[in-house]
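The values are calculated or read from the model by the stated rules, or taken from the named source; none is laboratory data. Computed from a predicted structure; not experimentally measured. We place every Cβ from the backbone using ideal geometry, glycine too, and count neighbours over all the protein chains shown. Ligands, DNA and RNA are excluded from the accessible area calculation, which covers all protein heavy atoms including side chains. Shrake-Rupley method; radii C 1.70, N 1.55, O 1.52, S 1.80 Å.
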Amino acid sequence: MKILNLYFSSTGNTEKVALKIDETVTNWGTPWIQSRSVQRSSPWTFLTTISFLWDPEYTVNCRAKSSWIFTRALLQRYVKAGEIKPASPRRPSSHVVVYCTYGGVHTGINEAIPAVKYMGQLFDYLGFTILAEWYVVGEYMTKKLKSHSVGGRLGDIRGRPNRADLEEVAEKVKGVL
Ligand SMILES: Cc1cc2nc3c(=O)[nH]c(=O)nc-3n(C[C@H](O)[C@H](O)[C@H](O)COP(=O)(O)O)c2cc1C
């Protein structure tokens with residue numbers, strides 16, 4: 001089994017989740033995992049290293065703008081390559097888990113759902129089976145938005161993702177494996 005663990009993290013929360021995924025997969029004894037941060041400036045550089053001819057499971061984060069750009073660029077690339085087919089036939093053994101971290105100060109998880117659905121569509125178009133969608137709470141880290149970490153729809157989210165959140169991620173990773 002090959003696993004590509006893609007993520008973007010601007011303030012470090014998603015990176016914590018991605019590293020927990022990496023650690024859990026590695027401890028599980030899976031022989032092949034690559035974890036890569038999707039770079040803000042150069043999605044295309046990254047794209048050239050991807051092959052969908054593998055049988056991987058993909059773990060992808062999509063919250064920040066660069067992840068949206070990344071997804072759109074990837075879709076265009078596969079449209080050009082003729083990989084997007086009517087009825088999106090399944091690719092056996094190709095699976096994806098899509099997740100994001102989010103703060104949800106205004107409307108809670110509803111702020112995060114569109115991001116995960118958008119990202120998941122790319123892989124569904126390509127014929128991947130979406131195994132799971134994960135939503136992990138992440139505190140607002142910037143000085144300007146720090147106050148959003150208290151008093152929003154999700155209450156006090158300071159310090160999240162915390163140890164319990166990351167343990168939950170680890171358990172879900174084992175479930176997927
Ligand atoms: C500039 C900025 C804008 C954000 N906007 C939203 C938002 O619209 N909805 C939401 O649920 N969370 C929002 N968040 C919270 C982040 O999604 C959350 O902190 C996430 O865990 C950040 O992940 P990262 O540290 O991996 O970048 C925002 C955070 C920042 C810093």
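Points worth noting:
- The aspartates and glutamates whose alpha-carbon is closer than 18 Å to the alpha-carbon of K146, local same-chain residues fewer than 8 away aside, are E111, D156.
- The H on the amide N of S35, modeled in the peptide plane, is under 5 Å from the matching H of N5, each at least 5 residues off or on a different chain.
- Modelled FRET efficiency - R0 25 Å, T26 with R90, Cβ distances, 0.05 increments: 0.35
- Protein accessible area in segment 87-140, 1.4 Å probe - carbon and sulfur %: 58
- Straight-distance candidates among the lysines for linking to K144, with alpha-carbon spacing under 30 Å and chain neighbours fewer than 8 residues away dropped: K16, K20, K65, K117.
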